[in-house]
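The next block holds one structure in the form of structure tokens; read it before the comments.
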Amino acid sequence: MLSSSPAPPREGAAVPSSWAEAASAAALRHYRSLAKKGKPQGRESTVLAAFLLSTPHDPRSLTVLSMGTGTKCLGASMLSDRGDLVHDAHAEVIARRALLRLVYSEIGRGAPPDWLVASGDGGRWRLRDGHCLHLYITQLPCGVMAVPLSQSELPREQLDSVNGDISFVQRKPGRGDTTLSMSCFDKITRWSVVGIQGALLSHTLEPLYLSTITIGQLPGGAPECFSVENNIKKALDARLSSLSSKLPSPFKVQKPKVFEAAVPPTEFQQISGDVPPLTCGYSICWNKSGLHEVVLGTTGRKQGTSSKAAHLPSTESLLCKRRLLEAFMSLEHPLVGQLKCEELSYRALKDTAHEYHHTLELLRKTPFFGCWPAKPTFVDSFPVSR
């Protein structure tokens, strides 16, 4: 039987702040309200991530905007050149893409959204004044090591990192087929500079930044001298301190405050022991505009897809690149109308977000991000369908 409430605090554990309690309670309460489909079964566990919204009227009354679960990603040999697969199904990535779908839904409808407002800058939108975005994760994001190791002590799947230090980018671990997906902590660090919205949405949306990140405590206890708040703050400071070049407006460096929440429920605890832990292969994708689907992280398609139907559009997740591109091209925006007249690939379309890419290049020139590998060109070369 899966636990439905957070585990009691262990002896010597950090006492969660009232903010951490509010963020974790809102996310876990909403997760429990979802159907059983896609959730861990038996000895399985998973990771949960949720984007939440606070308002100036009641900052601790949080609204869950999007949510994702998952621990899987595709190996290099499985990457698609059609944009029809979800390559990275880790919880933080799924939750972010579900948030992007929500934004497309909010700015694409006739009625004005309640948390976004027109910025007056080229027809773009921005986060409404006094509203803040927050991220809750049931455990440390991959890419954060509890104790800095020497390279000789690193597990084989982490040899792509530099010296095993939390300040350097690294690929996500995988079994067998090498993954080309960068760690969730690397991506979170990048969001602190270029925003959560990505290149496409930068055409119609000012950068969205996180105000806080709340992370569940380790069930077995943190190593001595390790603090979630202090170690992540230290890593973010080290990675971004050399970003001295002035960023083009409206981009900026915004380091979120980090909080430590209580140990999450059992289904989010990956505990080693006599019996090897099992991770759930499914990713739940949810947002408040009505998205609710389950993706199999090892195939990048919706749950229940048969081998015969593996290439049918009906098996594509709404979070794959092709479907997100369709959502962008459906927007009623002057710039989108201009882009529809051009013969562009998905990559070329993203490259037209000049301010975003200039900011991203400034980040990549810093010492810690200089080894961020470029994506294979074929994964973004599919054409924009009319």
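FYI, it's all coordinate maths here, none of it is from the lab. Remember, it's a predicted structure, so these values are computed and weren't measured experimentally. Cβ coordinates were reconstructed from backbone atoms using ideal geometry, including for glycine residues, and neighbour counts include every protein chain displayed.
Which of 355, 343, 44 moves most in a GNM of the chain, Cα contacts under 10 Å?
Sorting by GNM fluctuation, first place goes to 343.
Which whole number in µm²/s is D for segment 44-152 by Stokes-Einstein, with the Kirkwood Rh taken over Cα pairs at 25 °C and 0.890 mPa s? Mind showing how you got there, number by number?
Values: Rh = 16.5 Å.
Calculated translational D: 148 µm²/s.
Specify which residue in the list 354, 281, 259 is farthest towards the positive end of the charge dipole of segment 252-378, using unit charges on the beta carbon of Lys, Arg (+1) and Asp, Glu (-1), about the Cα centre.
Looking along the dipole axis, the top candidate is 354.
Using the Cα centre of the chain as origin and beta-carbon charges of +1 (Lys, Arg) and -1 (Asp, Glu), tell me which of 178, 35, 198 is placed farthest towards the positive end of the dipole.
Of 178, 35, 198, it is 35.
Under 5 Å between amide hydrogens, which residues at least 5 positions from residue 260 or on another chain qualify, with H placed 1.01 Å from N in the peptide plane?
It is 17, 215, by chain and number.
Whose amide H sits under 5 Å from the amide H of residue 45, counting only residues 5 or more places off or on another chain, with H placed in the peptide plane?
Distant-sequence amide H within range of residue 45: 278, 279, 280.
Using the membrane-span-like helix rule (whole DSSP H runs, Cα extent along the own axis of at least 20 Å, mean Kyte-Doolittle hydropathy at least 0.5), which helices of the chain qualify?
91-108
Within the P(r) computed for the chain, what percentage of the Cα pairs occupies the region above 26 Å? All intermediate terms of the calculation are to be shown ahead of the outcome.
Numbers: 38334 of 74305 pairs.
So the pairs more than 26 Å apart make up 52 percent of the total in the chain.
Among 21, 229, 332, which one shows the highest mean-square fluctuation when the chain is modelled as a Gaussian network with alpha-carbon springs under 10 Å?
Top of the fluctuation ranking is 332.
List the trypsin sites (Lys or Arg not before Pro) in segment 255-333 that DSSP assigns to loop (not H, G, I, E or B) and whose Cβ has at most 10 other Cβ atoms within 10 Å. Which are they?
308
Relative to the Cα centre, what is the charge dipole magnitude of the chain, using +1 at the beta carbon of each Lys and Arg, -1 at the beta carbon of each Asp and Glu, and rounding to the nearest 20 debye?
Details: 44 positive and 35 negative charges, 119 e Å.
It works out to roughly 580 debye.
List the lysines whose alpha-carbon lies under 23 Å from that of residue 37, not counting same-chain residues fewer than 8 positions away?
Once the sequence-local lysines are set aside, what remains near residue 37 is 72, 288, 302, 308.
What is the local net charge at residue 365, summed over the other residues whose Cβ is closer than 14 Å to its Cβ (Lys, Arg +1; Asp, Glu -1)? Don't jump to the answer; show the numbers that get you there.
Working: positive: 190, 239, 246, 364; negative: 361.
Charge balance near residue 365 sits at +3.
Treating segment 171-318 as a set of equal point scatterers at the Cα positions, no solvent, please give the Debye-formula log₁₀ I(q)/I(0) at q = 0.11, 0.12, 0.14 Å⁻¹.
Computed log10 I(q)/I(0) values: -0.65, -0.78, -1.04.
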